[in-house]
Amino acid sequence: MSDIDKDKDKMNIEKRKLKIEIFNDHYSLISDEKEADILKASFMVDKLMKEIADKSSLRDEKKIAVLAALKIASKLVDLENSLQYYEQKHLEFTDIIEKKGLSSSI
């Protein structure tokens with residue numbers, strides 16, 4: 001799906017109000033993202049913050065939140081690097097297939 005199609009899909013999605021709980025705090029959100037995705041993300045953040053709090057001596061919620069954000073961002077960077085690697089491999093294999101004249105049979 002192209003970025004334009006994604007933008008059109010997002011424009012067609014209604015914004016909705018969601019209530020979530022993260023680290024014993026309640027939040028009201030207005031989002032056009034899928035409710036299931038928001039709930040899954042909030043569950044992941046909540047779980048990670050609780051794990052960090054349980055495994056460390058930190059009690060400062062802001063520091064716990066920053067460490068959770070850093071861990072999530074680190075995972076995102078790792079996934080972006082993996083995606084870039086596989087996109088490059090895809091281009092290399094496509095080039096090999098085209099050079100061998102196999103693309104017409106696929």
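Projected label points at Met44 and Phe23, each 7 Å from Cα along the beta carbon direction, are separated by 1.7 nanometres.
In this structure, the residue pairs whose Cα-Cα separation is over 21 Å, taken from Lys34/Lys71; Lys19/Lys40; Lys40/Lys89; Lys55/Lys75, are Lys34/Lys71; Lys40/Lys89.
Footprinting exposure proxy ranking of Arg59, Arg16, fewest other C-beta atoms within 10 angstrom first, gives Arg59, Arg16. For segment 3-105, the gyration tensor built on C-alpha atoms gives an oblate shape. Its axis ratio a/c (a ≥ b ≥ c) is at least 1.5, and a/b is not larger than b/c.
Applied to segment 14-24, the Karplus parametrisation 6.51 cos²θ - 1.76 cosθ + 1.60 on θ = phi - 60° returns per-residue 3J(HN,Hα) values of 6, 6, 9, 9, 10, 10, 10, 10, 10, 6, 6 Hz, with x for Gly and Pro.
We did not get these values from a lab; they are worked out from the coordinates using the rules stated. In this text, all values refer to a predicted model and were calculated from it rather than measured experimentally. Ideal geometry is used to build each Cβ from the backbone, glycine not excepted, and the neighbour counts take in all protein chains shown.
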